[in-house]
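Notes follow the structure.
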Amino acid sequence: MNLTQIVISDAISMYLLLVLLLEARFEVLMDEKEGGEIRYLIYATMLSSGLDLLVSLVDGRPGRIFRLVNYYGNNLLYITPVLIIWHWLKFIRFLRRDLYETEEEAVRRIGIMSILQIPSAMMLGLALLQVFYPVLFMVDENNVYHRLPMSWYAVLNMLFYVAAGFIYFYILGKDRFRKKKVLFFLAPIIGGTFLQFLVPGISTIYSSVTVGLVCFYISCNNELMFKDWLTGLLNRTCYLSGETQGLFPKYRRIGMLMMDLDDFKGVNDRHGHAEGDRALQILAGALKKEADWRDLVFRLAGDEFLVITFSEEEGYLERFQAKVRERLANVCSGMPYQIRVTGGAAWKEEADRGMDSILKRADAAMYRVKAGKKAGEGIQAHT
């Protein structure tokens, strides 16, 4: 790449990143900690793009000041990817953090993240050594930057972490709806890093990270269409989408649990709509806590909730609702009212032609429970 191309590439990257910082509300689109790590990723990428632009402008220019800027600026360019990698690891750590994981799984996840930092620590050591002895690059008497053989470790290091993130989250990950966001984020970075690795003299890593961040943000905004604003659960639009409906032919066993709050109107009338919203959020929280990687949890409308499971276990939905009730009883202790639920379950049958067939039977089972039993008593399964 010539100087003009580098300047244009870095300038566009910095502009896009600045717009993301000023306009994007990542803390609204995702967990607050995840959003914070994305912001740190943006800061680190902006710093890298700015340094890349600066050293490109002074490369080959005579003068002691230009030489110092070229040397130490390039050295910093071997350190800033460590910052990007550090926040990338923290980001996927938060992204993979599941409400349902056990303490043992959490310890194992954190241990894996710690081990993955070793190659990056080695990169930091090489960059610090470069301050005293040229191991990654050299600047000749004409103030022209030249890579040394060890400089390829920086590119390989970036490729390693991109690949590790892809394997750790996308391949091994259990969340069906988060995978797409991560793929959109990683795809341009993989392409840009490989391109810089294969073609000497070009600078594409930081611009590709910028493209990845922009793609990630667009994907997060699209995901808002599938999220219920009050509870954070998936919504009816998501249930009706091809992504959810397309799961029907892929799984032999699909179960659905329809649930709603008992006397929800009474809660609103006696305690106000704000308290009614709180009741919905408490139930949603209980459902999310009990759900695992085999489950999708929706708020379809009002106080109607749906759990879709792909579990092969017999009696799974019955045990699921029992745990939800137990959790609700603990949460509601001391509250001016109790949150009770009624549910009905149904499982996929050979005659079913789609998700709606199962949903109708689960819905009917729930209303039979409402009509024939006291509020919150048991769960009627229709198979």
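Go through the residues of region 208-216 one by one and say whether even a single one is modelled with pLDDT of 75 or more and in contact with a strand residue (DSSP E or B) (Cβ under 6 Å, 6 or more places away or on another chain). Checked against the condition, which is being modelled with pLDDT of 75 or more and in contact with a strand residue (DSSP E or B) (Cβ under 6 Å, 6 or more places away or on another chain), region 208-216 yields no hits at all. Looking across region 21-42, not a single residue is surrounded by 13 or more Cβ atoms within 10 Å (Cβ to Cβ), modelled with pLDDT of 85 or more and over 20 Å from Trp86 (Cα atoms). So, Val55, is that one in a helix (DSSP H, G or I), surrounded by 21 or more Cβ atoms within 10 Å (Cβ to Cβ) and not aromatic (Phe, Trp, Tyr) or not? In short, yes.
Scanning region 302-320 for residues that are closer than 21 Å to Arg236 by Cα and either not in a helix (DSSP H, G or I) or not assigned by TED's automatic domain parsing to the domain that holds Ala346 (or both) gives Gly302, Asp303, Glu304, Phe305, Leu306, Val307, Ile308, Thr309, Phe310. When you check Asp356 against the structure, is it outside any helix (DSSP H, G or I), of a type in the set (Asp, Glu) and modelled with pLDDT of 90 or more, yes or no? No, not satisfied. Given the criteria of a type in the set (Gly, Ala, Ser), farther than 27 Å from Gly272 by Cβ, touching a residue at least 40 places away in the same chain (Cβ under 8 Å) and touching a strand residue (DSSP E or B) at 6+ places or on another chain (Cβ under 9 Å), does Gly372 qualify? It is false that Gly372 is of a type in the set (Gly, Ala, Ser), farther than 27 Å from Gly272 by Cβ, touching a residue at least 40 places away in the same chain (Cβ under 8 Å) and touching a strand residue (DSSP E or B) at 6+ places or on another chain (Cβ under 9 Å). Taken over region 217-237, the criterion of being under 21 Å from Phe184 (Cα atoms), at pLDDT below 90 and of a type outside the set (Lys, Arg) is satisfied by Tyr217, Ile218, Ser219, Cys220, Asn221, Asn222, Glu223, Leu224, Met225, Phe226. Within region 58-75, identify whether any single residue is outside any loop (DSSP other than H, G, I, E, B), in contact with a helix residue (DSSP H, G or I) (Cβ under 7 Å, 6 or more places away or on another chain) and under 15 Å from Val209 (Cα atoms), and answer yes or no. No, region 58-75 contains no residue that is outside any loop (DSSP other than H, G, I, E, B), in contact with a helix residue (DSSP H, G or I) (Cβ under 7 Å, 6 or more places away or on another chain) and under 15 Å from Val209 (Cα atoms). Picking from residues in region 184-225 that are touching a residue at least 40 places away in the same chain (Cβ under 8 Å) and surrounded by fewer than 14 Cβ atoms within 10 Å (Cβ to Cβ), the one that is nearest to Ile38 (Cα to Cα) is Asn221.
When you check Leu240 against the structure, is it modelled with pLDDT of 90 or more, under 30 Å from Met259 (Cα atoms) and not small (Gly, Ala, Ser), yes or no? Judged against the criteria, Leu240 is a match. Look at (1) surrounded by 17 or more Cβ atoms within 10 Å (Cβ to Cβ); (2) more than 28 Å from Leu328 (Cβ to Cβ) and you find that Gly246 fails only one, number (1). Of note, Leu287 does not satisfy the criterion of being modelled with pLDDT of 90 or more, assigned to a strand (DSSP E or B) and touching a strand residue (DSSP E or B) at 6+ places or on another chain (Cβ under 9 Å). Quick check, is Leu17 assigned by TED's automatic domain parsing to the domain that holds Leu77, farther than 20 Å from Ile79 by Cβ and among the aliphatic types (A, V, I, L, M)? In short, no. Scanning region 334-347 for residues being within 15 Å of Leu317 (Cβ to Cβ) and either surrounded by fewer than 20 Cβ atoms within 10 Å (Cβ to Cβ) or not assigned by TED's automatic domain parsing to the domain that holds Gly255 (or both) gives a total of 1. In region 244-262 there is at least one residue matching the filter, namely being within 23 Å of the chain's Cα centre (by Cα) and part of a helix (DSSP H, G or I).
Pairing residues of region 337-354 that are under 30 Å from Arg270 (Cα atoms) with residues that are of a type in the set (Ser, Thr, Tyr), at Cβ distances under 8 Å and at least 6 apart in sequence or on separate chains, gives Gly344/Tyr367.
Of everything listed in (1) modelled with pLDDT of 90 or more; (2) farther than 18 Å from Leu128 by Cβ, the single unmet condition for Asn74 is (2). State whether the residues of region 108-118 include one that is surrounded by fewer than 16 Cβ atoms within 10 Å (Cβ to Cβ), assigned to a helix (DSSP H, G or I) and modelled with pLDDT of 85 or more. Scanning region 108-118 turns up at least one residue that is surrounded by fewer than 16 Cβ atoms within 10 Å (Cβ to Cβ), assigned to a helix (DSSP H, G or I) and modelled with pLDDT of 85 or more.
Taking Gly276, is it assigned to a helix (DSSP H, G or I) and surrounded by 16 or more Cβ atoms within 10 Å (Cβ to Cβ)? Yes. Scanning region 196-242 for residues that are outside any loop (DSSP other than H, G, I, E, B), farther than 18 Å from Ala154 by Cα and among the small types (Gly, Ala, Ser) yields Gly212, Ser219, Gly242.
The values are calculated or read from the model by the stated rules, or taken from the named source; none is laboratory data. Not measured: the values here are computed from a predicted model. Backbone-built Cβ (ideal geometry, glycine too); neighbour counts: all protein chains shown.
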